[in-house]
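The values are calculated or read from the model by the stated rules, or taken from the named source; none is laboratory data. Predicted, not measured: the structure shown is a model, and the values here were computed from it. Cβ: placed from backbone, ideal geometry, glycine included. Neighbour counts: every protein chain shown.
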């Protein structure tokens, strides 16, 4: 009897270890796939830039390409911000499941459209194209927020943390990238520094919030993983 109990206990332990390993592998592969999509999207931004057929001097070349280069710089920053946000969010997860895969794929599908949105910006340059682009960036943030909301509040996929911290992360991933993108366009379109001032104030405010939450017991548990 004792031998059979030990055998049963050993099997249960082995099954638990195997399940944990499979869950970790699932999350790891999901992160690798996401990184690949971000890398491809940021590469396509540059591939779509072509020099003008006729140019005389370096100054003339940059004058003709300024809209393309500005759109490229904005999109490069957007993809970079979203990759950092995605890395920070997923550093707080313990595992992933099929529902998380679907929500993450929804976000990545929108990220893959950024090169198209960028081309629309430099080809048209109209207010409508800016609205479409900002809408795309905002959609990515909302899709990311939906994935985090499921992981933290429904699926039980996140590390243990307070409800306040979960809500803070949710608001940050949902609103911050779209807000930053909009502020950049405010400065570029109006030719004023107010958009950059808004970005500086936003970053400074978030830094203060992060420091205060980090001082709380158990607050920002993944702070070390984010840096």
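Exactly one condition in (1) farther than 30 Å from residue 159 by Cα; (2) surrounded by fewer than 19 Cβ atoms within 10 Å (Cβ to Cβ) is false for residue 75; which is it?
The one condition residue 75 does not meet is (2).
Take the range 156-204 and flag every residue that is touching a strand residue (DSSP E or B) at 6+ places or on another chain (Cβ under 8 Å) and buried (at least 18 other Cβ atoms within 10 Å of the Cβ).
Step one: of the range 156-204, the residues touching a strand residue (DSSP E or B) at 6+ places or on another chain (Cβ under 8 Å) are 157-159, 166.
Correct list: 157, 158.
Here's the yes/no breakdown for (1) within 21 Å of the chain's Cα centre (by Cα); (2) in contact (Cβ under 8 Å) with a residue 40 or more places away in the chain:
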residue: 172; (1), (2): yes, yes
residue: 175; (1), (2): yes, no
residue: 186; (1), (2): no, no
residue: 190; (1), (2): no, no
residue: 194; (1), (2): no, no
residue: 199; (1), (2): yes, no
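I need a count of the residues in the range 1-31 that are surrounded by 10 or more Cβ atoms within 10 Å (Cβ to Cβ) and either modelled with pLDDT of 90 or more or part of a loop (DSSP other than H, G, I, E, B) (or both).
6
Residues in the range 117-133: is at least one at positive phi and in contact with a helix residue (DSSP H, G or I) (Cβ under 9 Å, 6 or more places away or on another chain)?
Checking the range 117-133: at least one residue is at positive phi and in contact with a helix residue (DSSP H, G or I) (Cβ under 9 Å, 6 or more places away or on another chain).
Every residue, every condition in (1) surrounded by fewer than 15 Cβ atoms within 10 Å (Cβ to Cβ); (2) closer than 15 Å to residue 148 by Cβ, yes or no:
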| site | (1), (2) |
| --- | --- |
| 81 | no, no |
| 84 | yes, yes |
| 104 | no, yes |
| 118 | no, no |
| 121 | no, no |
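For the range 174-190, check the following and say yes or no: at least one residue is in contact with a helix residue (DSSP H, G or I) (Cβ under 8 Å, 6 or more places away or on another chain) and either at pLDDT 90 or above or in a loop (DSSP other than H, G, I, E, B) (or both).
No; the residues of the range 174-190 include none that is in contact with a helix residue (DSSP H, G or I) (Cβ under 8 Å, 6 or more places away or on another chain) and either at pLDDT 90 or above or in a loop (DSSP other than H, G, I, E, B) (or both).
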